[in-house]
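The values are calculated or read from the model by the stated rules, or taken from the named source; none is laboratory data. Just so it is clear, the model here is predicted, and its values are computed rather than measured. Here Cβ is always computed from backbone atoms with ideal geometry, including for glycine, and neighbour counts include all displayed protein chains. Each accessible area value is taken on the protein alone, full model and side chains, heavy atoms only, with ligands, DNA and RNA left out. Shrake-Rupley method; radii C 1.70, N 1.55, O 1.52, S 1.80 Å.
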Amino acid sequence: MPYAPSATSEFDYPLTTRYDEPDALVIFDDVLVPWDRVFIDRDVTKVREQFFTTGAHALGNWQAQTRFTTKLKFIAAVARKITQVNGTDRIPGVQEKLGELAAVVSSVESALIAAQHTAELDDAGLMVPGKRALYGVMGLQSETYPRVIAILRDLVGGGVLQLPSGASDLQSPTTGPDIERYIQSPGAPSEERIKLFRLAWDIIGSEFAGRHQQYELFYAGAPFVVRGVYTFRHYGYEQQVAELDEFLDGYGLDGRVDASIPASPEEGA
Ligand SMILES: Cc1cc2nc3c(=O)[nH]c(=O)nc-3n(C[C@H](O)[C@H](O)[C@H](O)COP(=O)(O)OP(=O)(O)OC[C@H]3O[C@@H](n4cnc5c(N)ncnc54)[C@H](O)[C@@H]3O)c2cc1C
């Protein structure tokens, strides 16, 4: 069953009607799996290794971040267009919010580009995306998405609640003319405004939208796993700490550089 079976109109729910996906629990009861189809049997270490000693986990998440980047850019475009339609994009405070949105979205896109730029061939000859950038940006995903949604929520204002109950209200000869007259924006006629705000609602407020807030939080695993395992392990702290040690080794108690600075109050007196 889809999450929102009542979302039957593409105009009212442009994302739900396209992308809503049902989850399912499949139970294989009394199934014969031929041995030539079994890859791993009762070996937990090997099950883990198939993801982490091959490029599988990184490549799967590279696809996931490509998807995430595309989604965030789409949301940023919706935010930008709504401010144009409302005529609020001339206000410095609104521009700052759009700037913050751009900063967040471009950071994710930049990490994706960096992961591709730092890709390396592994022992099996597979090109694997750079893990520092890839797992680094994944570590913020559970905060990035809610932040982007919060900015969009802020910018759309109450307009998403002041909408006709459905596309049929616009088509109705009774309500249509009033809607056309009273629900419009400085930058868009009635139908265009409602269409855009309906799309925004399907990102921030519909059942589909709520599901996606949860979806992005756990897409790559629980945040404490993503950060505590993937991001922490793949950052490359060893190299950073080695560079820090080199810096620390470069000076000691007797290592005063500027002779004009007194070493003690007595010397300065
Ligand atoms: C869109 C989507 C796609 C997914 N795809 C896959 C997939 O392809 N493969 C797959 O295996 N799984 C997948 N998952 C499942 C996902 O990995 C799990 O949701 C995730 O591991 C969290 O497990 P849980 O939902 O059982 O929550 P729980 O383990 O119950 O955790 C819930 C919360 O409890 C807290 N918590 C629990 N344990 C700890 C701890 N030890 N330390 C600190 N805090 C803790 C944290 O706040 C955590 O967020 C997917 C989930 C979603 C939403």
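The set of residues from segment 190-217 being away from the ligand (no atom under 16 Å from the Cβ), within 17 Å of the chain's Cα centre (by Cα) and among the charged types (D, E, K, R) comprises just one member, D202. Just to be sure before I move on: is Q84 farther than 30 Å from E192 by Cβ, open to solvent by 30 Å² or more (accessible area, probe 1.4 Å) and assigned to a helix (DSSP H, G or I) in the structure I sent? No; evaluated as a whole, the condition is false for this residue.
Tell me whether segment 60-69 contains one or more residues that are part of a helix (DSSP H, G or I), free of Cβ contacts under 8 Å to residues at least 40 places away in the same chain and farther than 27 Å from A102 by Cα. The answer is no; no qualifying residue exists.
Per the conditions (1) surrounded by fewer than 18 Cβ atoms within 10 Å (Cβ to Cβ); (2) closer than 18 Å to D12 by Cα; (3) in contact with a Gly (Cβ under 6 Å, 6 or more places away or on another chain), the sole criterion not satisfied by P186 is (2). Across segment 131-143, which residue is nearest to the chain's Cα centre (by Cα) among those that are of a type outside the set (A, V, I, L, M, F, W, C) and either at pLDDT below 95 or open to solvent by less than 90 Å² (accessible area, probe 1.4 Å) (or both)? Among residues in segment 131-143 that are of a type outside the set (A, V, I, L, M, F, W, C) and either at pLDDT below 95 or open to solvent by less than 90 Å² (accessible area, probe 1.4 Å) (or both), the one nearest to the chain's Cα centre (by Cα) is Q141.
When the helices (runs of 4 or more DSSP H) confined to segment 137-215 are screened for residues that are touching a helix residue (DSSP H, G or I) at 6+ places or on another chain (Cβ under 8 Å), those reaching at least 3 such residues are found at 141-156, 176-182, 190-204. Selection within segment 218-254: residues that are within 16 Å of the ligand (Cβ to nearest atom) and not in a helix (DSSP H, G or I). The member of this set that is most open to solvent (accessible area, probe 1.4 Å) is Y219. For segment 23-59, the set of residues classified as β-branched (V, I, T), in a loop (DSSP other than H, G, I, E, B) and within 29 Å of the chain's Cα centre (by Cα) consists of V26, T53, T54, listed by residue number. Quick one: in segment 189-217, which of the residues that are open to solvent by less than 50 Å² (accessible area, probe 1.4 Å) and of a type in the set (S, T, Y) is nearest to Q65 (Cα to Cα)? Once the filter is applied, the top-ranked residue is S206. Please work out if P14 is within 15 Å of I203 (Cβ to Cβ) and either open to solvent by less than 100 Å² (accessible area, probe 1.4 Å) or under 24 Å from the mean Cα position of the chain (by Cα) (or both). So P14 fits the description; yes.
Residues in segment 115-130 that are farther than 30 Å from G210 by Cα and assigned to a helix (DSSP H, G or I) were compared, and the one that is least open to solvent (accessible area, probe 1.4 Å) is Q116. Is at least one residue of segment 167-174 open to solvent by 50 Å² or more (accessible area, probe 1.4 Å), more than 30 Å from D20 (Cα to Cα) and either over 35 Å from the mean Cα position of the chain (by Cα) or more than 16 Å from the ligand (Cβ to nearest atom) (or both)? Yes, segment 167-174 contains a residue that is open to solvent by 50 Å² or more (accessible area, probe 1.4 Å), more than 30 Å from D20 (Cα to Cα) and either over 35 Å from the mean Cα position of the chain (by Cα) or more than 16 Å from the ligand (Cβ to nearest atom) (or both).
When restricted to residues that are among the hydroxyl-bearing types (S, T, Y), touching a residue at least 40 places away in the same chain (Cβ under 8 Å) and not in a helix (DSSP H, G or I), segment 1-22 contains 3. Restricting the first member to segment 97-123 and to residues that are among the polar types (S, T, N, Q), and the second to residues that are surrounded by 15 or more Cβ atoms within 10 Å (Cβ to Cβ), the beta-carbon pairs closer than 7 Å and six or more apart or on different chains are Q116/P129; T118/G130; T118/A133.
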